[in-house]
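The values are calculated or read from the model by the stated rules, or taken from the named source; none is laboratory data. Model, not experiment: these values are computed from the prediction. Note that each Cβ is placed from the backbone with ideal geometry, even for glycine, and that neighbours are counted across all protein chains shown. The accessibility values were calculated without ligands, DNA or RNA, using every heavy atom of the protein model including side chains. Shrake-Rupley method; radii C 1.70, N 1.55, O 1.52, S 1.80 Å.
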Amino acid sequence: MQGCDASILIDSTKDNVAEKDSPANLSLRGYEVIDDAKEQLEQLCPGVVSCADIVAMASTAAVFFAGGPYYDIPKGRKDGRISKIMDTINLPAPSLNSSELIKMFGQHGFTAQEMVALSGAHTLGVARCSSFKQRLSNFDSTHDVDPTIDAQFLKTLSKTCSGGDNAEQNFDSTRNTFDNDYFNQLQLKSGVLFSDQTLFMSPKTKPIVNGYALNQAMFFMDFQQAMLKMSLLDVKEGSKGEVRANCRKIN
Ligand code: HEM
């Protein structure tokens with residue numbers, strides 16, 4: 001949360017609890033894939049390619065190999081020297097509504113349209129029950145269950161949660177394919193997180209969801225542009241950062 005500077009890769013030490021050990025980040029995985037890429041790069045060309053560039057390139061490759069758009073991003077990011085658990089309090093929570101999400105992304109210079117396009121990354125992967133179980137019981141003072149969930153999909157989510165807090169629910173019907181199915185699911189009130197479904201329930205973002213559900217090419221265009229913008233957030237240049245030798249440790 002210090003920008004796009006690979007602070008998420010730093011391991012905790014006896015004096016510091018790092019971002020990766022925050023409850024909000026506990027489900028992140030694949031650190032060893034980044035370690036592997038880093039090791040090979042350091043052998044060929046030591047001290048040149050930052051961990052932040054590796055993470056940024058890994059995200060474009062993941063989108064492309066899953067069938068999404070290919071887009072190039074500038075390289076030359078430096079790695080940050082700070083990673084603190086406290087900074088993760090600024091991550092968006094899955095309980096936020098559309099207006100709150102617009103505000104939060106707006107603070108980093110993103111429009112509502114860019115926020116919805118970026119949320120489309122939930123075309124890939126899974127959420128664990130702990131991220132959406134609040135929707136299934138004691139939802140609010142007037143509803144036991146989140147009224148924005150389709151009745152049939154409610155059964156699916158409840159069944160997933162019968163497997164415990166870590167049980168996984170696919171975000172859409174194609175968890176390894178980058179497509180616009182996520183937006184189709186929102187139209188069917190089958191969004192997994194409250195923060196997903198709210199994008200269709202709010203008049204401010206519903207037309208954007210409908211647009212992407214109808215037109216995958218438009219989603220891909222907006223996604224690329226917004227990801228490029230995100231990859232440039234608070235990039236550290238020159239002496240403000242370093243090229244780590246090991247992505248898990250500050251030099
Ligand atoms: C709009 C605000 C967002 C919220 C509230 C949010 C929240 C979440 C939550 C709660 C999970 C599930 C974690 C778990 O239960 O293990 C998740 C997964 C995921 N998020 Fe987001 N997210 C947001 C935006 C984004 C953005 C902008 C991206 C990337 C551009 C993204 C990419 C992903 C991916 C790929 C997964 C699946 C990870 C996996 O399969 O393990 N999310 N998100």
- prompt: Among the residues of the stretch 110-129, which ones are near the ligand (Cβ under 6 Å from one of its atoms) and open to solvent by 10 Å² or more (accessible area, probe 1.4 Å)?
  reply: LEU118, SER119, ALA121, HIS122, LEU124, GLY125, VAL126, ARG128
Among (1) within 13 Å of the ligand (Cβ to nearest atom); (2) over 25 Å from ARG29 (Cα atoms); (3) modelled with pLDDT of 95 or more - the single one LYS133 does not satisfy: (2)
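Taking the condition open to solvent by less than 50 Å² (accessible area, probe 1.4 Å), of a type outside the set (Val, Ile, Thr) and either more than 16 Å from the ligand (Cβ to nearest atom) or in a helix (DSSP H, G or I) (or both), does GLY68 pass? Explain how you work it out, then say what you get.
On the way: open to solvent by less than 50 Å² (accessible area, probe 1.4 Å): yes; of a type outside the set (Val, Ile, Thr): yes; either more than 16 Å from the ligand (Cβ to nearest atom) or in a helix (DSSP H, G or I) (or both): no.
Considered against the rule, which asks whether it is open to solvent by less than 50 Å² (accessible area, probe 1.4 Å), of a type outside the set (Val, Ile, Thr) and either more than 16 Å from the ligand (Cβ to nearest atom) or in a helix (DSSP H, G or I) (or both), GLY68 comes out as no.
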task: Go through ASP144, ASP140 for me and flag whichever is more than 11 Å from the ligand (Cβ to nearest atom), without any contact (Cβ under 8 Å) to a residue 12 or more places away in the chain and touching a Ser or Thr at 6+ places or on another chain (Cβ under 7 Å).
output: ASP144
task: Could you list all residues from the stretch 149-169 that are within 20 Å of ASN184 (Cβ to Cβ) and not in a loop (DSSP other than H, G, I, E, B)?
output: ALA151, GLN152, PHE153, LEU154, LYS155, THR156, LEU157, THR160, GLN169
- prompt: Considering ASP146, ASP140, which residue is exposed (fewer than 15 other Cβ atoms within 10 Å of the Cβ) and assigned to a loop (DSSP other than H, G, I, E, B)?
  reply: ASP140
task: Just need a number here: residues in the stretch 120-137 that are closer than 14 Å to ASP172 by Cα, in contact (Cβ under 8 Å) with a residue 60 or more places away in the chain and either touching a helix residue (DSSP H, G or I) at 6+ places or on another chain (Cβ under 6 Å) or not in a helix (DSSP H, G or I) (or both).
output: 5
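Being in contact (Cβ under 8 Å) with a residue 24 or more places away in the chain, open to solvent by less than 60 Å² (accessible area, probe 1.4 Å) and either closer than 30 Å to VAL126 by Cα or within 23 Å of the chain's Cα centre (by Cα) (or both) is the filter here; which residues of the stretch 31-48 pass it? Walk me through it before giving the result.
Going through the stretch 31-48, the residues in contact (Cβ under 8 Å) with a residue 24 or more places away in the chain turn out to be 31, 33-35, 38, 42, 46-48.
Subset that is open to solvent by less than 60 Å² (accessible area, probe 1.4 Å): 31, 34-35, 38, 42, 47.
Answer for the stretch 31-48, where residues must be in contact (Cβ under 8 Å) with a residue 24 or more places away in the chain, open to solvent by less than 60 Å² (accessible area, probe 1.4 Å) and either closer than 30 Å to VAL126 by Cα or within 23 Å of the chain's Cα centre (by Cα) (or both): TYR31, ILE34, ASP35, LYS38.
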field: Selected residue [open to solvent by 10 Å² or more (accessible area, probe 1.4 Å) and either more than 19 Å from ALA58 (Cα to Cα) or hydroxyl-bearing (Ser, Thr, Tyr) (or both)] from ALA245, ALA213
entry: ALA213
statement: When (1) over 29 Å from ALA217 (Cβ atoms); (2) surrounded by fewer than 13 Cβ atoms within 10 Å (Cβ to Cβ) are applied to LYS20, the one that fails is (2)
